[in-house]
Amino acid sequence: MRSESPSTPSYALADAKDTALGRAVGSEPASSAGQSGFRLVVSGREAFATRAVLADLAERTLDLQYYSAGNDLTTDLLLLRIEAAARRGVRVRILLDDIYPPTRHFGRRASALHPAIEVRLYNPFFWSDDWDPVRIAELIAYAERLNRRMHNKLWIADNAAAIVGSRNLGDAYFDGLDSGNFSDIDLLAAGPIVGELSKAFDVYWNSASAVPIEQLGGALEAAAAERSRQSLLARAAACEDSPSCAALVPSTRPDETDWLRSKIGKLIWADADVSVDPPEEDKPSVPSGIEHGWIEDRPGGARTQSELLIVSPYLVFGQDGLDHLADMRRRGIRVAILTNSLDSTDSLAAHAGYARQREALLAIGVELYEMRPQPGTSRHGPTHRWLQPQAGSLHAKIVVQDRTRAIVGSLNQDPRSRLHNREIWLTVRSTELAAELGTLFDEASDAHHAYRLELIDGDDGQRVQWHTQERGQTVVHSVEPADSPWLKLWRAVLGAIVPEHLL
């Protein structure tokens, strides 16, 4: 199914040099030399503030591409920034995946705020706005098409500065919840790489799969749109005295370009590449699942010499991927992986696929670490940046190769990302950035914050142990730790009924 009339094509700002963002970035010698600048955005609050300030600084264009968006405080606050940009004359393009109904509702609220805000939905459902029997029937009837989802995450201002990574839009991604927030990673990017990100956005925006939200019916009338806007204003005003809201909203600055210059002055400049899946065509097949955006360890790439670090919330390798990892271990390469534990995962079905592979991974010498939820206050000290005290679930997608090259993007290490989802990622060839990510891996995988898995010989064969530290004491679990015995049951049920290619 496709929209009945073609969408009007549009493209990124051709020249950003006449904008404040463009001038600030262009003044950097490394940018003029063809390198791009990067800065890790680890804290959820900083991730929110960076998006908000980029919206405030945009003068010509603002392009957003997201897999999901919530109906909560942080998305309302960002919508107000987006509306303010549109009122200044900024052209706003928002491309959203349509798998989750709240994301479509976010798009409707955005499009109703101002005529300069254009919203398109990628590969939309046509029969229903909500998860109801009608929508489920459509998913079953058109499963092949509707399983192709756009998992990309981009926030681009004036084709001069961008945020790319694995955060969606919603309270849990910006430390906006009292508990249950995601541990995540973004990159603030500037320089020539942003032009490549904008080209990738344009390919999706102008594809046949990107349908204007107005063509899907249910557009808000003027009165309803104004009520929606007033609701956003009321929500923002009601939280002004809230400590959590105060932490989310950037402090008032006489000149936000000063904030921008401070960020650009701390960028790491390096060579980098953008990789992106095509929006509609079949994804190119690869001999190893690891190669699909994970590392350059392939003919013509930079062969891994000593170490491969992988961070992925969902971890289900194909056979080619397992064979590739085994080959790396035979070459003497350290392979260490951080993923979610049973208690921290937000996808029991995906965790079921991972649990089936744990022993095989450990048997070939892969180091496995599982994130533990962090109740109360972290005891690890102020240098621990990755996990917030209220972290609920790992969501970052990172690979570090020999601590000299790094990959950050939307790609999970699972069949869904490899086979069905459309993904985008950056490969940055920087010892400095890779070292920062390597340090984050070391912090997140230590015994204070993660289980280290070991395979031991028992009377009835090999079995897994979980090693960690609790209240300053070393603890070994011979049975998989879980707060609720029902978790294991539900994981087993979902693992049995969900096809592995959809995990």
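The table for this structure:
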read-out: Residue match in segment 4-14 (condition: without any contact (Cβ under 8 Å) to a residue 24 or more places away in the chain, more than 28 Å from Pro279 (Cα to Cα), open to solvent by 20 Å² or more (accessible area, probe 1.4 Å) and polar (S, T, N, Q)); value: no
read-out: From the options Ala360, Ala355, Ala391, Ala350, residue that is closer than 29 Å to Leu154 by Cβ, modelled with pLDDT of 90 or more and either of a type outside the set (D, E, K, R) or more than 17 Å from the chain's Cα centre (by Cα) (or both); value: Ala350
read-out: Inter-residue pairs, beta-carbon under 6 Å, first over 21 Å from Ser410 (Cβ atoms) and in segment 315-342, second of a type in the set (D, E, K, R) and surrounded by fewer than 19 Cβ atoms within 10 Å (Cβ to Cβ), 6+ apart; value: Arg334/Glu307; Ala336/Glu367
read-out: Selection from segment 422-450 of residues that are among the aliphatic types (A, V, I, L, M) and closer than 30 Å to Pro284 by Cβ; value: Ile424, Leu426, Val428, Leu433, Ala434, Leu437
read-out: Residue check, Leu368 closer than 26 Å to Trp490 by Cβ and within 21 Å of the chain's Cα centre (by Cα); value: no
read-out: Subset of segment 89-111 (residues that are within 15 Å of Ser128 (Cα to Cα) and either among the polar types (S, T, N, Q) or in contact with a Ser or Thr (Cβ under 7 Å, 6 or more places away or on another chain) (or both)); value: Asp97, Tyr100, Thr103
read-out: Residues that are at pLDDT below 90, not in a helix (DSSP H, G or I) and not polar (S, T, N, Q), drawn from segment 464-503; value: Glu470, Arg471, Gly472, Ala482, Asp483, Val498, Pro499, Leu503
read-out: Identity of the residue in segment 186-210, closer than 24 Å to Val311 by Cα and part of a helix (DSSP H, G or I), that ends up nearest to the chain's Cα centre (by Cα); value: Leu197
read-out: Which listed residue, of Ile193, Ile213, Ile185, is touching a His at 6+ places or on another chain (Cβ under 9 Å) and at pLDDT 75 or above; value: Ile185
read-out: Residues being within 17 Å of Leu362 (Cβ to Cβ) and crowded, with 21+ Cβ neighbours inside 10 Å - total across segment 295-323; value: 8
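Results for (1) in a loop (DSSP other than H, G, I, E, B); (2) modelled with pLDDT of 95 or more; (3) over 19 Å from Leu62 (Cα atoms); (4) open to solvent by less than 10 Å² (accessible area, probe 1.4 Å), shown as yes or no for each residue.
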{"site": "Gly89", "(1), (2), (3), (4)": "yes, yes, no, no"}
{"site": "Arg109", "(1), (2), (3), (4)": "no, no, no, no"}
{"site": "Leu121", "(1), (2), (3), (4)": "no, yes, no, yes"}
{"site": "Leu139", "(1), (2), (3), (4)": "no, no, yes, no"}
{"site": "Glu144", "(1), (2), (3), (4)": "no, no, yes, no"}
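The values are calculated or read from the model by the stated rules, or taken from the named source; none is laboratory data. Computed from a predicted model, the values in this text were never measured in an experiment. A quick note on method: Cβ atoms are made from the backbone with ideal geometry, for glycine too, and the neighbour counts reach across all protein chains shown. We work out accessible area using only protein heavy atoms, side chains counted, and drop any ligands, DNA or RNA first. Shrake-Rupley method; radii C 1.70, N 1.55, O 1.52, S 1.80 Å.
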